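Participant: Here it is, the structure in full.
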């Protein structure tokens with residue numbers, strides 16, 4: 001997510017409605033304040049996934065032996081209020 005955009009989402013929302021242009025947010029928080037859709041990482045699940053990797057290190061596994069992982073779970077979120085407004 002871009003902090004400049006997320007900090008001005010109220011303005012982005014108003015322009016989006018005025019011009020009937022959907023905004024696809026970088027996080028679920030952006031959807032809650034005016035974005036239309038977000039398809040991306042579930043950050044709570046990503047923390048759990050990262051914790052599982054950390055546990056492996058704490059148990060003695062060398063970090064260089066642990067493969068890089070992509071987020072295991074992606075989610076689609078829709079702001080129905082914005083969908084109706086557009």
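The values are calculated or read from the model by the stated rules, or taken from the named source; none is laboratory data. Model, not experiment: these values are computed from the prediction. Heads up, the Cβs are rebuilt from the backbone with ideal geometry, glycines too, and the neighbour counts pull from every protein chain shown.
Participant: Hey, could you check region 25-42 for residues that are over 22 Å from residue 72 (Cβ atoms) and surrounded by fewer than 16 Cβ atoms within 10 Å (Cβ to Cβ) and say which is nearest to the chain's Cα centre (by Cα)?
Facilitator: Looking at residues that are over 22 Å from residue 72 (Cβ atoms) and surrounded by fewer than 16 Cβ atoms within 10 Å (Cβ to Cβ), I get 32.
The rows are residues; the columns are (1) under 13 Å from residue 82 (Cα atoms); (2) modelled with pLDDT of 90 or more.
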{"position": "17", "(1), (2)": "yes, yes"}
{"position": "31", "(1), (2)": "yes, no"}
{"position": "46", "(1), (2)": "no, yes"}
{"position": "52", "(1), (2)": "no, yes"}
{"position": "59", "(1), (2)": "no, yes"}
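Participant: Shifting gears a bit: Please indicate, with yes or no, whether at least one residue in region 1-24 is touching a strand residue (DSSP E or B) at 6+ places or on another chain (Cβ under 6 Å), under 22 Å from residue 76 (Cβ atoms) and surrounded by 14 or more Cβ atoms within 10 Å (Cβ to Cβ). Walk me through how you get there before you give the answer.
Facilitator: Step one: list which residues in region 1-24 are touching a strand residue (DSSP E or B) at 6+ places or on another chain (Cβ under 6 Å), which gives 24.
Those still in the list that are under 22 Å from residue 76 (Cβ atoms) too: 24.
Of the ones still in play, those that are also surrounded by 14 or more Cβ atoms within 10 Å (Cβ to Cβ) are none.
No, the conditions are met nowhere in region 1-24.
Participant: Also, quick follow-up: Suppose we keep only residues that are part of a loop (DSSP other than H, G, I, E, B) and in contact with a strand residue (DSSP E or B) (Cβ under 7 Å, 6 or more places away or on another chain) within region 39-71. Which one would you say is farthest from residue 28 (Cα to Cα)? Walk me through it before giving the result.
Facilitator: In the first step, residues of region 39-71 are kept if they are part of a loop (DSSP other than H, G, I, E, B); the result is 42, 59-62, 66-71.
Still in the list and also in contact with a strand residue (DSSP E or B) (Cβ under 7 Å, 6 or more places away or on another chain): 42, 71.
Values: 42: 9, 71: 15 Å.
Ranking the qualifying residues of region 39-71, first place goes to 71.
Participant: Working only within region 72-86, note down all residues that are assigned to a strand (DSSP E or B) and in contact with a helix residue (DSSP H, G or I) (Cβ under 6 Å, 6 or more places away or on another chain). Can you show your working first?
Facilitator: If we filter region 72-86 for residues that are assigned to a strand (DSSP E or B), which is where we start, we get 74-78.
Result: 77, single match.
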